[in-house]
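One structure is given here, and the rest of the page talks about it.
Quick note: the coordinates plus some simple rules give every number you see, no bench work behind them. Everything numeric here is computed off the predicted structure, so don't read it as measured data. Virtual Cβ from ideal backbone geometry, glycine too; neighbours counted across all protein chains shown.
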Amino acid sequence: MDYILGEVVFIRALEERILAEGKVLPGEVLKVGSFLNQQIDTGLVREMGEEIARLFACNNVTKVLTIESSGIAIAYSAGVAMGLPVVFAKKHSTSNISGNVLSSKVFSYTHQQTYDIVVSSDYITCDDTVLIVDDFLAKGNALAGLIEIVEKAGAKLAGCAIAIEKGFQGGGDSLRAKGIRVESLAIIDSMTDDSLEFRHQ
């Protein structure tokens, strides 16, 4: 990360790490398991959380929401940086989630499976302003499901913060067109087996 006059500027660190260690798999899947969602570079993820906190510092956020399991580390880092609780949606209802729940259906292109994601209604209420955090944004299905949960709770959506957005799959731009704030730390505009092109704003 680079720092200019005390402001965190996310310029190259994540992009350089993606280029160095990311692997493109069939089906436009980008594997970053060596530093983000299986083995976690805690220093990098800490700085990502701090950058997310900076981006949404003025939005009166009260809760951070993500989906299990790969988004939890980044959401936790953002929650620590913001001093806020972190809630994660489970992909299946389990015996330790009782009472009223908020639910939505999410189709995963990576796993080719539809999940019923659930959050206890005790953890997100109409008094909350929620920031959604996740590791990847492709077609936007996971975010759409989490946004639906926020809406069902009657809570306010502050926006969505993403580590890596696959911009060429359109999910982020579709959400932005609806007026939803989406901040991605790295946006990939094109991806082939041997090259990645990043979007710089």
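Across the stretch 128-201, Cα-Cα pairs more than 19 Å apart make up 32 percent of the total. Rounded to the nearest 0.05, the FRET efficiency derived from the C-beta distance between Lys152 and Lys23 at R0 = 45 Å is 0.75.
In this structure, the residue pairs whose Cα-Cα separation is over 28 Å, taken from Lys152/Lys178; Lys31/Lys156; Lys105/Lys166; Lys23/Lys178, are Lys31/Lys156; Lys23/Lys178.
The value obtained for the chain, namely the Cα convex hull volume divided by the number of residues, is 119 Å³ per residue. The listed peptides 189-195, 45-51, ordered by packing as a protection proxy, come out as 45-51, 189-195 (highest mean of other Cβ atoms within 10 Å first). When the chain is described by a simple charge dipole with +1 on each Lys and Arg Cβ and -1 on each Asp and Glu Cβ, the residue from Ser195, Gly27, Asn100 located farthest towards its positive end is Asn100. Note on Arg199 and Gln38: with the Förster distance fixed at 30 Å, the Cβ-Cβ geometry gives a FRET efficiency of about 0.70.
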